[in-house]
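Visitor: The structure that follows is given in the form of structure tokens.
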Amino acid sequence: MQRVPGLVGDVGQAQVSNAFAAAIEYHRSHETRWRRDFLTDDGRYIGVADEPAAVGDVLGAVLPRGGPNGVIRRGGEIVAEWGEAERVDMSFSIAKSYLSVLAGLALARGLIRNVDDRVSSYRLDESFATAQNRNITWRHLLQQTSEWQGTLWGKPDTIDHNRDVGKSELGHSDKGRVRPMRPPGTLWEYNDVRVNRLSLSLLRIFREPLADVLRREIMDPIGASRDWQWQPYRSSTVEIDGRRLPSVPGGSHWGGGLWMSSRDHARFGSLLAQGGRWNGRALLPAEWITEMRRPCALNPEYGLLTWLNTGRRQFPSAPESSFAARGAGSNVIWIDPEHDLVVVVRWIDKPHVDGFIARVLDAAR
């Protein structure tokens with residue numbers, strides 16, 4: 001490892017292995033087009049730019065972003081780092097994979113008996129008692145096939161109907177065009193209202209803030225910093241056991257969300273790469289990580305809130321066995337077991353993610 005000046009704009013010096021310099025320079029040259037204040041030219045928050053303007057359409061805090069940065073780990077060690085990798089930034093839908101890990105912890109504890117159980121059988125609240133929602137399983141929620149119907153924190157499920165995240169960072173096209181509901185488990189749809197409904201359900205079974213569970217059970221044991229936050233919405237609190245507890249979102253679509261540095265994300269990625277073990281201790285069952293990577297029948301590029309490289313469609317340059325946590329921006333934790341790589345890349349233009357990965361692999365081979 002050596003220090004190489006000027007690889008990432010005005011950040012200063014970047015600590016990298018010479019081998020990865022081309023990948024890092026490619027990242028620097030293909031920064032996201034999003035402004036650093038997350039505002040569009042007409043002054044709207046980027047997360048709601050494709051939705052009708054409304055009072056209170058942004059529900060949580062927004063943190064201006066930093067510049068391109070990232071971390072590459074191999075064999076459990078950092079082999080390259082550039083930009084402000086210690087900077088806490090919004091992570092957008094990377095948070096979804098953290099929710100998946102929390103669901104795995106709930107299963108390991110026996111709080112969830114089986115992921116194919118109907119959520120309504122846990123009697124968490126009335127929202128799963130309707131004819132549309134009563135047959136939804138935990139797996140449906142984790143695969144984004146639930147077809148949960150309702151309004152949560154002021155956002156109806158219909159706001160993300162027909163959302164296609166393959167076409168843009170946020171999923172423009174026909175997003176928000178209301179369609180007939182389908183039975184649970186018959187349609188895959190990327191829908192943040194439903195992911196937030198999963199998060200609330202996990203809060204109700206843990207009966208403590210999910211950020212506290214994640215910190216105690218995962219992030220502290222893997223040596224993460226104390227700087228990260230999981231920001232709820234301003235109004236997303238519920239009463240449990242006489243206490244008002246925050247329900248956190250699975251992204252930053254409407255503000256809030258998981259705010260974390262690349263270094264901490266890289267440690268989390270290494271935990272997944274190592275089958276849930278850290279320094280010889282099992283923090284998460286290896287079987288759960290296998291489930292996270294099992295393709296959904298309705299979308300083989302998706303597992304349990306985790307992106308898969310089935311058919312090499314997500315990352316054509318990468319092995320099919322690789323998988324990722326992905327967030328708009330683009331923010332990516334990419335895990336490649338075949339080459340023993342964990343790569344975190346922040347604020348890269350989405351169409352250029354594969355080009356960056358190709359250059360990482362060229363250096364690693």
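Visitor: Rounded, prolate or oblate: which fits the range 261-365, taking a ≥ b ≥ c as square roots of the Cα gyration tensor eigenvalues, rounded meaning a/c under 1.5, else prolate when a/b beats b/c?
Guide: Details: a/c = 1.56, a/b = 1.20, b/c = 1.29.
Oblate.
Visitor: Can you work out ³J(HN,Hα) from phi for every residue in the range 239-249, in order, using Karplus 6.51 cos²θ - 1.76 cosθ + 1.60 and θ = phi - 60°, giving whole Hz and x for Gly and Pro?
Guide: Computed from phi, the couplings for the range 239-249 are 8, 9, 6, x, 10, 8, 10, x, 9, 9, x Hz.
Visitor: Hey, what do the phi angles of the range 119-133 turn into as Karplus ³J(HN,Hα) couplings, whole Hz, using 6.51/-1.76/1.60 and θ = phi - 60°, x for Gly and Pro?
Guide: Using θ = phi - 60°, the values come out as 4, 4, 5, 8, 6, 6, 6, 6, 6, 9, 8, 6, 4, 5, 9 Hz.
Visitor: Using Cα springs under 10 Å in a Gaussian network model of the chain, which residue among Ile240, Ile205, Ile335 shows the largest mean-square fluctuation?
Guide: Ile240
Visitor: Run the simple label-point estimate for Arg123 and His339 please: 7 Å along Cα→C-beta, distance reported in nm.
Guide: In this crude spin-label approximation the distance works out to 5.3 nm.
Visitor: In addition: To make sure I understand, if each residue's beta carbon is the centre and we count other beta carbons within 10 Å, what order do Ser146, Ser201 fall in, fewest to most? Walk me through the numbers before you get to the answer.
Guide: On the way: Ser146 29, Ser201 24.
Final ranking by Cβ density, sparse to dense: Ser201, Ser146.
Visitor: Hey, another quick one. As I understand it, the dipole of the range 242-315 uses +1 on the Cβ of Lys and Arg and -1 on the Cβ of Asp and Glu, about the Cα centre. Which of Asn309, Gly242, Gly257 lies farthest toward its positive end?
Guide: It is Gly242, whose Cα lies furthest towards the positive end.
Visitor: What are the residues whose amide H is under 5 Å from the amide H of Asn69, where those residues sit 5 or more places off or on another chain and H is modelled from the backbone?
Guide: Counting only residues 5 or more places away or on other chains, the set is Arg346.
Visitor: Next question. Give me the dipole magnitude in Debye, nearest 20, for the range 91-334 about the Cα centre, with unit charges on the beta carbon: positive for Lys and Arg, negative for Asp and Glu. If you can, show how the numbers build up before the last one.
Guide: Details: 33 positive and 24 negative charges, 16 e Å.
Dipole about the Cα centre, nearest 20: 80 debye.
Visitor: Also, quick follow-up: Taking the square root of 5 times each eigenvalue of the Cα gyration tensor, what semi-axes in Å does the equivalent ellipsoid of the range 5-142 have, largest first?
Guide: Details: eigenvalues 301, 122, 23 Å².
Equivalent-ellipsoid dimensions as semi-axes: 39, 25, 11 Å.
Visitor: Fewest first, what order do His140, His253 take by the number of other Cβ atoms within 10 Å?
Guide: Working: His140 24, His253 29.
Lowest count first: His140, His253.
Visitor: Still on this structure: Give the calculated FRET efficiency between Asp37 and Arg134 to the nearest 0.05, with a Förster radius of 35 Å applied to their Cβ-Cβ distance. Before the final figure, lay out the partial values.
Guide: Working: r = 43 Å, r/R0 = 1.23.
Calculated transfer efficiency: 0.20.
Visitor: Assign one of three labels to the chain, namely rounded, prolate or oblate, based on the Cα gyration tensor with a ≥ b ≥ c the square roots of its eigenvalues; rounded applies when a/c is under 1.5, prolate when it is not and a/b is larger than b/c, and oblate otherwise.
Guide: Details: a/c = 1.61, a/b = 1.38, b/c = 1.17.
Prolate.
Visitor: Return the distance in nm (one decimal) between the two label points of a simple spin-label model at Arg277 and Glu239, each offset 7 Å from Cα along Cα→Cβ.
Guide: Placing both labels 7 Å beyond Cα along the Cβ direction yields 4.7 nm.
Visitor: Sorted from fewest to most neighbouring beta carbons within 10 Å, what does the list Thr130, Thr32, Thr145 look like? Numbers along the way, then the final one.
Guide: Numbers: Thr130 13, Thr32 21, Thr145 25.
Ordered from fewest to most neighbouring Cβ atoms within 10 Å, Thr130, Thr32, Thr145 come out as Thr130, Thr32, Thr145.
Visitor: Also, I was wondering about something else. Hey, what angle do you get for helix 353-364 against the long axis of the chain, alpha-carbon based, 0 to 90 degrees rounded to 10?
Guide: 50 degrees
FYI, it's all coordinate maths here, none of it is from the lab. No experiment lies behind these values; they were computed from the predicted model shown. Virtual Cβ from ideal backbone geometry, glycine too; neighbours counted across all protein chains shown.
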